[in-house]
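Contents: one structure, followed by commentary.
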């Protein structure tokens with residue numbers, strides 16, 4: 001799309017904005033827009049009040065059986081169905097259900113959704129609504145908050161392993177829940193407000209991998225806490241190297257420092273194709289711990305593509 005620049009006032013130039021884009025962002029004369037300069041590129045983001053969009057979903061009911069009783073199947077279904085609608089950017093989600101038990105699962109899950117609340121309860125459906133549109137301008141802050149929480153978790157897992165403070169697991173698990181809540185909201189913002197931007201898919205994948213790394217660290221903490229493992233010096237060293245790679249990857253992603261990826265490539269090479277292979281064949285190390293650390297390192301490696309895609 002091309003637009004002609006129009007001279008206005010003393011040296012100022014103006015350009016008209018497409019009506020379709022103005023309508024999409026509910027912008028009128030006098031509203032503010034967000035403008036970002038990136039070299040030859042100028043990005044304009046709407047800051048009007050977006051029109052609410054809605055979707056209707058249905059939670060299937062699972063009958064109890066003697067063999068199964070009440071499991072997490074129904075809650076997982078609630079989380080998956082409502083969570084997908086939430087992350088796609090819907091402001092109003094009408095959730096249909098069949099019984100009181102399912103409603104309790106719905107209420108439990110909605111409590112974990114940032115910015116959404118149940119505003120209406122009926123016999124067979126509830127209405128879930130976005131009640132905090134202003135939070136949608138806080139993408140960067142929420143992602144940085146998630147990074148801070150992950151840093152706290154990684155350091156506490158290291159502390160747990162070195163000093164046998166196995167009771168730290170509850171704090172670590174709680175922070176992981178918070179990270180999931182914030183990253184889900186970040187993915188929602190990317191889906192809803194940044195559609196059409198070239199870098200959106202890469203940012204989404206970066207956030208997605210970040211969340212998976214948090215889960216892997218939490219599972220590692222759970223295993224160490226449950227089994228009260230005494231880690232070897234080599235295992236502790238591998239943990240510290242993973243922390244270094246993740247902090248470097250995410251910290252430099254925020255600033256767009258692409259040059260860091262050359263340094264990261266060397267760290268990854270030394271760990272995955274050197275230290276990690278030696279750790280796996282050393283029988284004094286716990287294979288479950290080493291495998292988990294290898295998975296974390298590979299998850300970090302999966303961030304390289306999205307990092308390049310966002311900033312190149």
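The values are calculated or read from the model by the stated rules, or taken from the named source; none is laboratory data. Since the structure is predicted, the reported quantities are computational estimates derived from the model, not experimental observations. Here Cβ is always computed from backbone atoms with ideal geometry, including for glycine, and neighbour counts include all displayed protein chains.
Going by the structure shown, is residue 257 over 24 Å from residue 171 (Cα atoms) and either assigned to a loop (DSSP other than H, G, I, E, B) or touching a helix residue (DSSP H, G or I) at 6+ places or on another chain (Cβ under 8 Å) (or both)? The answer is yes for residue 257.
If you go through region 181-200 one residue at a time, do you hit one that is within 29 Å of residue 281 (Cα to Cα) and either without any contact (Cβ under 8 Å) to a residue 12 or more places away in the chain or assigned to a helix (DSSP H, G or I) (or both)? No; the residues of region 181-200 include none that is within 29 Å of residue 281 (Cα to Cα) and either without any contact (Cβ under 8 Å) to a residue 12 or more places away in the chain or assigned to a helix (DSSP H, G or I) (or both).
Residue-by-condition table, conditions (1) free of Cβ contacts under 8 Å to residues at least 12 places away in the same chain; (2) buried (at least 16 other Cβ atoms within 10 Å of the Cβ); (3) in contact with a helix residue (DSSP H, G or I) (Cβ under 8 Å, 6 or more places away or on another chain):
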position: 147; (1), (2), (3): no, yes, yes
position: 156; (1), (2), (3): no, yes, yes
position: 177; (1), (2), (3): no, no, no
position: 214; (1), (2), (3): no, yes, yes
position: 228; (1), (2), (3): no, no, yes
position: 237; (1), (2), (3): no, no, yes
position: 245; (1), (2), (3): no, yes, yes
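Okay, residues lined up against (1) modelled with pLDDT of 95 or more; (2) part of a helix (DSSP H, G or I); (3) outside the structural domain of residue 293 (by TED's automatic domain parsing):
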{"site": "218", "(1), (2), (3)": "yes, yes, no"}
{"site": "230", "(1), (2), (3)": "no, no, no"}
{"site": "234", "(1), (2), (3)": "no, yes, no"}
{"site": "243", "(1), (2), (3)": "yes, yes, no"}
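Just to verify a result, which residue in region 1-38, among those that are part of a strand (DSSP E or B) and within 20 Å of residue 139 (Cβ to Cβ), is modelled with the lowest pLDDT?
That would be 38.
Among the residues of region 75-129, those identified as over 21 Å from the mean Cα position of the chain (by Cα), in a helix (DSSP H, G or I) and surrounded by fewer than 17 Cβ atoms within 10 Å (Cβ to Cβ) are 100, 101, 104, 107. Scan region 91-116 for residues that are free of Cβ contacts under 8 Å to residues at least 40 places away in the same chain and under 15 Å from residue 184 (Cα atoms) and jot them down. 109, 110, 111, 116 - these are the residues of region 91-116 that are free of Cβ contacts under 8 Å to residues at least 40 places away in the same chain and under 15 Å from residue 184 (Cα atoms). The residues of region 272-312 that are in a loop (DSSP other than H, G, I, E, B), more than 12 Å from residue 205 (Cα to Cα) and touching a residue at least 24 places away in the same chain (Cβ under 8 Å), listed by number, are 282, 284, 285, 286, 312.
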